[in-house]
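In what follows, a structure is listed as structure tokens, so that the remarks can point back to it.
The values are calculated or read from the model by the stated rules, or taken from the named source; none is laboratory data. Being a predicted model, the structure only gives us computed values, none of them experimental. Neighbour counts run over all protein chains shown; Cβ positions are idealised from the backbone, glycine included.
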Amino acid sequence: MDVLAFPDVHISDLVDLVPETASFSRETAVQMERDAMYANYIARQERDMEALKRDEGQAIPENFAYAQIVGLSNELREKLDRARPENLAQTYRLPSFIPTKAVSWLSVMLEQY
């Protein structure tokens, strides 16, 4: 039923391929179309939640030297140094947006630490 995620594809378009769909109530058909439409978004949110849980487990040492991270802007290094997040997930909650690249750099530095 992944085909329902495509624009302008409806249950009625599938009757020839899946004859059982002809017997679906209108409510069931509409719900299946909605479920298919949002399935990719839900899967992405689930992946994001898993990544956040993983990053919550990535502790940042108390004495971590943010100034040593090459590739981050001075502003971002200063914000990290002031905030002193306890784990990688807390960096996402800083007042300004932290680009994915910044989190990647921080992850690499923590692995080397």
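Table for the structure above
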| read-out | value |
| --- | --- |
| Checklist (1) in contact with an Asp or Glu (Cβ under 8 Å, 6 or more places away or on another chain); (2) surrounded by fewer than 16 Cβ atoms within 10 Å (Cβ to Cβ) applied to A89, failing item | (2) |
| Selected residue (criterion: nearest to S107 (Cα to Cα)) from residues of region 35-71 that are over 22 Å from the mean Cα position of the chain (by Cα) and outside any helix (DSSP H, G or I) | I69 |
| Residue in region 81-104 that is modelled with the lowest pLDDT, counting only those that are over 16 Å from the mean Cα position of the chain (by Cα) and over 21 Å from K53 (Cβ atoms) | S96 |
| Flag for R26 being under 30 Å from Y92 (Cβ atoms) and exposed (fewer than 13 other Cβ atoms within 10 Å of the Cβ) | no |
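So that you can scan it fast, the table gives a plain yes or no per residue for (1) of a type outside the set (A, V, I, L, M, F, W, C); (2) surrounded by 12 or more Cβ atoms within 10 Å (Cβ to Cβ):
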residue	(1), (2)
Y41	yes, no
M49	no, no
L52	no, yes
F64	no, yes
I69	no, yes
S73	yes, no
L106	no, yes
L110	no, yes
